[in-house]
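Below: one structure, written as structure tokens.
The values are calculated or read from the model by the stated rules, or taken from the named source; none is laboratory data. For clarity, every value in this text was computed on a predicted model and none was experimentally measured. Note: ideal-geometry Cβ built from the backbone for every residue, glycine included; neighbour counts use all protein chains shown. Please note that ligands, DNA and RNA were not included when accessible areas were found on the heavy atoms of the full protein model with its side chains. Shrake-Rupley method; radii C 1.70, N 1.55, O 1.52, S 1.80 Å.
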Amino acid sequence: MIGSVEMEQTAAYFVVKRRALPEILLKVVEVNRLLDTQKAASVQEAVDKVGISRSSYYKYKEDIFPFHDSSLGTTLTIACQMDDQPGLLSDVLKVVAEFGANILTIHQTIPINGIASLSLSIQILASTGNVSDMIAKMESANGVHHVKVLAKEG
């Protein structure tokens with residue numbers, strides 16, 4: 001077709017906050033958790049507990065998984081905006097250390113109008129805690145704004 005744009009059918013990955021996901025996808029994650037932890041003996045039992053159909057489960061089961069399940073051995077690049085406050089960078093770095101991740105690079109811009117940009121490259125190790133919780137804890141720090149995962153490699 002002349003003038004039409006064809007979308008390439010390749011696998012693309014997105015990082016999406018939980019609150020932006022449709023309920024059906026969250027329920028598929030819960031079914032997988034029930035099956036993985038053996039709190040349900042079968043797919044039918046798990047979907048019945050969660051309240052979705054088997055066909056919905058099978059439609060999405062390979063397409064959604066918790067972020068922390070897929071991040072081991074990877075490098076994440078995280079960016080955020082921070083208020084120009086003494087000790088705030090140290091507080092953010094402490095969060096990464098508390099969760100057992102390895103900081104590879106740190107880049108902070110000179111503050112302009114009281115706000116600096118921060119970019120961190122973080123290696124996720126076997127000892128690293130839940131990555132979603134780590135990012136949420138960074139974002140909850142007073143003076144830290146707009147924490148985003150820019151890239152995931154490996």
Please give the length that would be gained between residue 145 and residue 81 if that part of the chain were fully extended, namely 0.36 nm times their separation in residues minus their C-alpha to C-alpha distance (nm, one decimal). 22.5 nm
What is the spin-label model distance, in nm, from residue 136 to residue 17 if the labels are put 7 Å beyond Cα along the C-beta direction? 1.2 nm
Which of these values of Rg and Dmax of the Cα atoms in Å was calculated from the structure shown: [x] 19.3, 59; [y] 16.9, 49; [z] 18.6, 57? [x]
Once the Cα atoms of helix 88-98 and of the chain are each reduced to a long axis, what angle between those two axes, in degrees from 0 to 90 to the nearest 10, is obtained? 40 degrees
From the phi of every residue in the stretch 28-41, what ³J(HN,Hα) in whole Hz does the Karplus formula 6.51 cos²θ - 1.76 cosθ + 1.60 yield, where θ is phi - 60° and glycine or proline is x? 5, 4, 5, 4, 4, 5, 4, 5, 5, 8, 6, 8, 9, 7
What is the ratio of the Cα radius of gyration of the stretch 96-146 to 2.2 N^0.38 Å, where N is its residue count, to two decimals? 1.25
Regression test value, accessible area per residue of the stretch 63-154, probe 1.4 Å, units Å², expected 54 Å²
Per residue of the chain, what 222 nm ellipticity follows from adding -39500 (n - 2.57) for every DSSP H run with n ≥ 4, rounded to the nearest 500? -9500 deg cm²/dmol
Of the candidates 142, 124, 64, the farthest towards the positive dipole end of the chain (Lys/Arg Cβ +1, Asp/Glu Cβ -1, centred on the Cα centre) is 64
Of 97, 15, 42, which is farthest towards the positive pole of the chain's charge dipole, taken about the Cα centre with +1 and -1 on the beta-carbons of Lys, Arg and Asp, Glu respectively? 42
If every Lys and Arg gets +1 and every Asp and Glu gets -1 at its Cβ, then about the Cα centre the chain yields a dipole, in debye to the nearest 20, of 320 debye
Where Cα atoms sit under 28 Å apart: lysine pairs in the stretch 27-154 separated by 8 or more or lying on different chains: 20
